[in-house]
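Notes to accompany the following structure.
The values are calculated or read from the model by the stated rules, or taken from the named source; none is laboratory data. In this text the structure is predicted, and so the values were computed from the model without any measurement. With ideal geometry, Cβ positions are generated from the backbone for all residues, glycine too; neighbour counts draw on all protein chains shown. Ligands, DNA and RNA are excluded from the accessible area calculation, which covers all protein heavy atoms including side chains. Shrake-Rupley method; radii C 1.70, N 1.55, O 1.52, S 1.80 Å.
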Amino acid sequence: MNSLSYISKQKRNYYQYNDYIFKQTVQRRANGVLKLLGIPYTINNIILSEITDLGPKIHRLDFAGETVKNGEDICFVLECQSQLPTDDDILRFFQYVSSLLVLKKKKVELYILCMQKAPYDKKEFVLNDDCTYTMHVISLKDIKANDIFKRMEDKRYNHISDEDIAALQLIAYTDYSETTLEILKKAHYTVEKLDIANPNEKEAILYILNILSVNMLDENDYNEFMEETEMILNPRDRYLTEKIRKEEKEKYKQKLKEETEDKEKYKEKIKKYEEKIKEYKQKLKQENIQTT
């Protein structure tokens, strides 16, 4: 495989990771994501992400839902982009909106969540006198990672909402001056402190952070992250590793104890030997005195 093919493959993998993380986050915590992004809607119903237009073509939306705006039922589309939308992307988004209009017969609002800093917050495209197509753009780089961490600290890691969990799952794409490794480690330690009743919730966030570490860190940083956080993709493997580590720790403690006991026994033997030498010297001294 030549270098250009390798780079192309790496880019595809990167975008697939981003797409997976976004879809996992928004599908499970749609309203938390909207609140985090400052989008003033509450999703009442999630629409099947695959919709068919009037022909045989199937459109795979990142997220679609139904909400209410000014008392009117409308549809809402949220698409995730690793980079700024290209003309081809915009055409694809318009096809999504058109298909949803046909399917639901409701107004459709389109929001783009961009992982890069966007130079605009919306674009309007006039199709005809009666139809203006508006694309709203929100950048994760407008959210500061330190604000997320501070909110957790202020809440004393209690009363964790879907917005908080969504923020932690997407934190590696936000704005920060530290390295990505430092942000992921801090996010991991923050998750460990969270007071969440369901342990599976923590595992879900940690799983996403681990995927981010594979995707965004080089080999050295990834190994450091894995070593310090003891993160393993498979929870069963993580459990077994923790069990082995505890067993090894116990073995080490036992060995240290035995070595300490051996040292004490050795010291005792030396002490007895020194006492015997002292007694022998004392005896020799007494004999010499009697001889003279």
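Considering only region 171-203, state which residues are closer than 16 Å to Ile160 by Cα and open to solvent by 60 Å² or more (accessible area, probe 1.4 Å).
Initially, region 171-203 is screened for residues closer than 16 Å to Ile160 by Cα, giving 171, 187-203.
Result: Tyr189, Glu192, Lys193, Asp195, Ala197, Asn198, Pro199, Asn200, Glu203.
Among residues belonging to region 134-155 that are more than 26 Å from Ile90 (Cβ to Cβ) and in contact (Cβ under 8 Å) with a residue 24 or more places away in the chain, point out the one that is most open to solvent (accessible area, probe 1.4 Å).
Of the residues in region 134-155, the ones more than 26 Å from Ile90 (Cβ to Cβ) are 144-155.
After this cut, where a residue has to be in contact (Cβ under 8 Å) with a residue 24 or more places away in the chain as well, the list is 144-146, 148-149, 152.
Working: Lys144: 105, Ala145: 0, Asn146: 78, Ile148: 3, Phe149: 5, Met152: 0 Å².
So, considering only residues that are more than 26 Å from Ile90 (Cβ to Cβ) and in contact (Cβ under 8 Å) with a residue 24 or more places away in the chain, the one most open to solvent (accessible area, probe 1.4 Å) is Lys144.
So, in region 112-138, how many residues would count as being in a strand (DSSP E or B), touching a helix residue (DSSP H, G or I) at 6+ places or on another chain (Cβ under 9 Å) and not β-branched (Val, Ile, Thr)? Break it down into steps so the answer makes sense when it comes.
Here is the first cut: in region 112-138, the residues in a strand (DSSP E or B) are 112-114, 122-128, 131-138.
Next, from what is left, pick out any that are touching a helix residue (DSSP H, G or I) at 6+ places or on another chain (Cβ under 9 Å): 112-114, 123, 125, 127, 133, 135, 138.
With the extra rule that they be not β-branched (Val, Ile, Thr), the set shrinks to 113-114, 123, 125, 127, 133, 135.
Number of matching residues: 7.
Being among the hydroxyl-bearing types (Ser, Thr, Tyr) and either over 20 Å from the mean Cα position of the chain (by Cα) or modelled with pLDDT under 90 (or both) is true for just one of Tyr157, Tyr120. Which residue is that? So that I can check it myself, show each step before the final result.
Working: Tyr157 fails: either over 20 Å from the mean Cα position of the chain (by Cα) or modelled with pLDDT under 90 (or both).
Selected residue: Tyr120, the only one of Tyr157, Tyr120 that is among the hydroxyl-bearing types (Ser, Thr, Tyr) and either over 20 Å from the mean Cα position of the chain (by Cα) or modelled with pLDDT under 90 (or both).
Please work out if Ile74 is closer than 30 Å to Tyr176 by Cα, open to solvent by less than 70 Å² (accessible area, probe 1.4 Å), of a type outside the set (S, T, N, Q) and not in a loop (DSSP other than H, G, I, E, B). Full working, then the answer.
Numbers: closer than 30 Å to Tyr176 by Cα: no; open to solvent by less than 70 Å² (accessible area, probe 1.4 Å): yes; of a type outside the set (S, T, N, Q): yes; not in a loop (DSSP other than H, G, I, E, B): yes.
In short, no.
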